[in-house]
Structures are given as structure tokens and as C-alpha cells.
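One structure below.
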Amino acid sequence: MTNAKREHWDEVYLTKVADSVSWYQPTPEPSLKALDALQLPAAASLIDVGGGASSLVDRLIDRGWSDLTVLDIAAPALDVAKARLGDNAMRVTWTVADVTIWRPGRYYDVWHDRAVFHFLTEPEQRLAYCHALEAGTAAGSVVIIATFAPDGPERCSGLPVQRYDAAALAAGFSPAFTLERDWREEHRTPGGSRQSFQWCIFRKR
């Protein structure tokens, strides 16, 4: 399954321009606003799970963040981000991995995921994700996560997704994570359509 997933996402980034895919954001405003609300210092460590070609890492470098990791199953997606960053790419740890079989070797102050969890449609996939999440966070760590909302798309990039409201998303995590804040976002795709996202901020006890 992992090889099939990797081949799918490799193909997406090898055949499509990064700013044409439905999840593209010119600026990752929801993520930046969440970080601003948390008033986290630039010295905090952050991992962007499924970050791919997202410009979140660019914006955080601009803000002085220095302990950044981007994880994605698709190496071509990370290559897009590296090329865009130029010399600044050396300031980021790039990890090609399927988060459901990856085990972090450290803790992160911030675990950010805008687009991975809703692709995990099987219970065992979600459980494996949560194992990685628990291993990569310590008491006080923050989890910023976004999924398609209940009225959001049923499929994305040709794949089925699991949609959530805040309560359902909270129920999917262990009791070690407390829901601190939730909100909805209407994302406009490059093609002009609107997609409803559910955002949540959790903190590990």
C-alpha cells in the first residue's frame, strides 16, 4: 500500500505544476494565524507533516524559525520546495516517509498537518498515524491539524477522504491530547471552487 501511495503522489508532483493543485495556497494564512494565536517563539521546533511543496516553511524561515522539518511521502514534492528555497533549503530537515510507518527520533514543539489525516480512511492507518504523533510530541507540544469538514469534498486528487468536525477529530486522538481551539475555513482552489476545512489545535498533556 505504501508503494502505491508513494507512486500516486510522486505522479501528482511530476505531472502537475505545484500552484495548480487544489490544495495550493499562495500564502498559508490559516497555519500562520494559528501559530500567531499560540504566540510560539521562533526557537520552537516544528514538523510539517505532508508539507510537500507548501510555502509554510518559507514563511517560517522569514520569521526566524530555525528548527524546521518537512515530511512528505513524495520526494518530488519536497524537491519543488527545495528548489524554491534555494540556499535556505539547507536550513530545513527534509524527510521522505509515509507517516503511518515512520517513527520520529525526537520530539517537536509543533506538529502541523494540513492535508494528511483526512486521507487515512482505514482505522489501522489512523492508529499508525497516532502512534507517530504520540512518539513525536511531548507534554506541552501543540498539534495543528486540518481536515475536510463534513460538507467538504468526498475525494481529493482521485482518492477518497474521511471528513471530520471538531468532535470527531478529537475522538480520533488519544486522551493525551486536549482540544484547545477549533474553527472552519473555506479554502478557494486555484480553479475557483470552495472547499470546507475543519481546523483544530490540540495540546499534549
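The values are calculated or read from the model by the stated rules, or taken from the named source; none is laboratory data. Just so it is clear, the structure is predicted and the values come from calculations on it, not from any experiment. Cβ atoms come from the backbone with ideal geometry, glycine included; neighbour counts cover every protein chain shown. Protein only, heavy atoms only, side chains kept; ligands, DNA and RNA dropped before computing areas. Shrake-Rupley method; radii C 1.70, N 1.55, O 1.52, S 1.80 Å.
Go through the stretch 56-68 and report how many residues are in contact with a helix residue (DSSP H, G or I) (Cβ under 9 Å, 6 or more places away or on another chain), over 19 Å from Ala18 (Cβ atoms) and either touching a residue at least 24 places away in the same chain (Cβ under 8 Å) or open to solvent by 40 Å² or more (accessible area, probe 1.4 Å) (or both).
2
Residues that are part of a helix (DSSP H, G or I) and of a type outside the set (A, V, I, L, M): does the stretch 45-53 have at least one?
No.
Taking Pro175 as the residue in question, decide whether it is modelled with pLDDT of 95 or more, surrounded by fewer than 15 Cβ atoms within 10 Å (Cβ to Cβ) and assigned to a loop (DSSP other than H, G, I, E, B).
Taking the combined requirement at face value, the residue does not satisfy it.
Restricting to the stretch 86-118, name every residue that is surrounded by fewer than 20 Cβ atoms within 10 Å (Cβ to Cβ), among the β-branched types (Val, Ile, Thr) and assigned to a strand (DSSP E or B).
Of everything in the stretch 86-118, those that are surrounded by fewer than 20 Cβ atoms within 10 Å (Cβ to Cβ), among the β-branched types (Val, Ile, Thr) and assigned to a strand (DSSP E or B) turn out to be Thr93, Thr95, Val96.
Here is a yes/no grid of residues against (1) within 22 Å of Pro30 (Cα to Cα); (2) touching a residue at least 24 places away in the same chain (Cβ under 8 Å); (3) in contact with a Ser or Thr (Cβ under 8 Å, 6 or more places away or on another chain); (4) buried (at least 18 other Cβ atoms within 10 Å of the Cβ):
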position	(1), (2), (3), (4)
Glu124	no, no, no, no
Tyr129	no, yes, yes, yes
Glu134	no, yes, yes, no
Val142	yes, yes, no, yes
Asp151	yes, yes, yes, no
Glu154	yes, no, no, no
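Restricted to the stretch 30-41, and to residues that are over 19 Å from Gly152 (Cα atoms) and assigned to a helix (DSSP H, G or I), which residue is most open to solvent (accessible area, probe 1.4 Å)?
In this case the residue turns out to be Lys33.
Could you list, in sequence order, all residues of the stretch 178-191 that are open to solvent by 30 Å² or more (accessible area, probe 1.4 Å), within 18 Å of the chain's Cα centre (by Cα) and either at pLDDT below 95 or farther than 21 Å from Leu38 by Cβ (or both)?
Matches in the stretch 178-191: Glu186, Arg188.
In this structure, does Trp23 turn out to be assigned to a loop (DSSP other than H, G, I, E, B) and at pLDDT 95 or above? Working first, answer last.
Numbers: assigned to a loop (DSSP other than H, G, I, E, B): yes; at pLDDT 95 or above: no.
No: the conditions fail for Trp23.
Could you list all residues from the stretch 162-172 that are part of a loop (DSSP other than H, G, I, E, B) and either open to solvent by 20 Å² or more (accessible area, probe 1.4 Å) or farther than 17 Å from Glu185 by Cβ (or both)?
Of everything in the stretch 162-172, those that are part of a loop (DSSP other than H, G, I, E, B) and either open to solvent by 20 Å² or more (accessible area, probe 1.4 Å) or farther than 17 Å from Glu185 by Cβ (or both) turn out to be Gln162, Arg163, Asp165, Gly172.
Which members of the stretch 183-198 meet the condition of being of a type in the set (Ser, Thr, Tyr) and not in a strand (DSSP E or B)?
If we filter the stretch 183-198 for residues that are of a type in the set (Ser, Thr, Tyr), which is where we start, we get 189, 193, 196.
Across the stretch 183-198, the qualifying residues are Thr189, Ser193.
Of Ala53, Ala81, which residue is within 26 Å of Ala149 (Cβ to Cβ), buried (at least 16 other Cβ atoms within 10 Å of the Cβ) and of a type in the set (Gly, Ala, Ser)? Working first, answer last.
On the way: Ala81 fails: within 26 Å of Ala149 (Cβ to Cβ).
The conditions single out Ala53.
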